[in-house]
Every structure is written in C-alpha cells, then in structure tokens.
Amino acid sequence: MHRGVVGRKVATVAGYRYSKALAAKNFIWDEALLDAWLTAPAKLAPGTAMGFRVADATDRKDIIAYLAANSPAKPSASR
Ligand code: HEM
C-alpha cells in the first residue's frame, strides 16, 4: 500500500478508510513530510489513526529511502 507514496497526494489510496484528520489534508508526500509524519504522526495530522512512530532518525531515513526507491521519480499531474 505504501508503494508510490513519495509524490502521491495524501490520503488517496482507493478504498482505504482514512481518518477525517488525514482525509482533510491536502499535500503531496515528500521526504521531509514523511520524516515529520514518522516522527510524530499526530503532530502533522492531529486526530490521525496512525499511532506508530519511528523515534530513530537513521531508521526514518532508511525507511524513507526505501519508500522513495519504490515510488515513481517525480510527482506528476497525469497520475
Ligand atoms: C515504517 C512503517 C510505517 C510507515 C512508513 C507508515 C507510513 C504511513 C503513511 C505515509 C501513511 C499515509 C498514507 C496516505 O496518505 O495514503 C500512513 C497511514 C496510516 N498508518 Fe502508517 N506507516 C507505518 C507503520 C504503521 C503501523 C505499524 C501502523 C499500525 C500499527 C500504521 C497505521 C496507519 C494508519 C491507521 C494510517 C491511516 C491514518 C489515518 O487515516 O489517519 N502505520 N502510514
């Protein structure tokens, strides 16, 4: 489900029931936003249903690099 998340608009995986908190957001995931999200999801989107956090900065960097490697290179209007 996370494949392609870098460059994807937040809360737009078809069929997934997002919280109102995340569904109300309007941004495109990039590395910086993912870092903020994994550090503290509820800071980025108060009321989010994701309570899982990654405290270690190196772990976050590795995870985000993995997500980016499994995402199209650039956000594109045609997707
Ligand atoms: C390294 C592991 C994880 C990463 C990288 C990650 C990343 C993300 C991202 C990017 C989103 C937003 C998706 C979107 O906009 O389409 C999301 C949503 C969510 N994640 Fe995670 N997540 C991780 C682990 C977890 C775990 C372990 C749980 C549950 C125990 C979890 C529960 C959720 C939930 C419930 C949402 C939806 C939040 C909402 O609707 O407010 N995540 N996650």
* Provide the per-residue ³J(HN,Hα) series for the range 24-41, in order, calculated from phi with Karplus coefficients 6.51, -1.76, 1.60 and θ = phi - 60°, each as a whole number of Hz, with x at glycine and proline positions. => 7, 6, 8, 8, 10, 4, 10, 4, 5, 5, 5, 5, 4, 4, 6, 5, 7, x
* Taking only DSSP H segments of four or more residues, each worth -39500 (n - 2.57), what value at 222 nm results for the chain once the sum is divided by all its residues, to the nearest 500 deg cm²/dmol? -> -10000 deg cm²/dmol
* Asked: In cubic angstrom, how much convex hull volume per residue do the alpha carbon atoms of the chain span?
  -> 89 Å³
* For the chain, with a Gaussian network of springs between Cα atoms less than 10 Å apart, report the residue from Ala32, Ala21, Ala45 with the top mean-square fluctuation. => Ala32
* To do: Taking the dipole about the Cα centre of the range 1-72, with the C-beta of Lys and Arg at +1 and of Asp and Glu at -1, give me whichever of Thr12, Met1, Ala36 is farthest to the positive side.
  => Thr12
* Please give, to one decimal in nm, the separation of the simple spin-label points placed at Asp56 and Tyr16, each 7 Å out from Cα toward the Cβ. => 2.4 nm
* Unit charges on C-beta of K, R, D, E only; dipole of the chain, Debye -> 400 debye
* With θ set to phi - 60°, apply the Karplus curve 6.51 cos²θ - 1.76 cosθ + 1.60 along the range 57-64 and write out the HN-Hα couplings as whole Hz, x wherever there is a Gly or Pro. => 5, 5, 4, 4, 4, 5, 4, 5
* To do: Report the label-to-label distance for Ile63 and Ala42 in nanometres (one decimal), using points 7 Å from each Cα along the Cα→Cβ vector.
  => 1.6 nm
* **Difference of contour (0.36 nm per residue) and Cα-Cα distance, Ala24 to Arg3** => 5.4 nm
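FYI, it's all coordinate maths here, none of it is from the lab. As the structure is a computational prediction, the values presented were derived from the model and not from experiment. Reconstructed Cβ throughout: ideal geometry from the backbone, glycine too, with neighbour counts over all protein chains shown.
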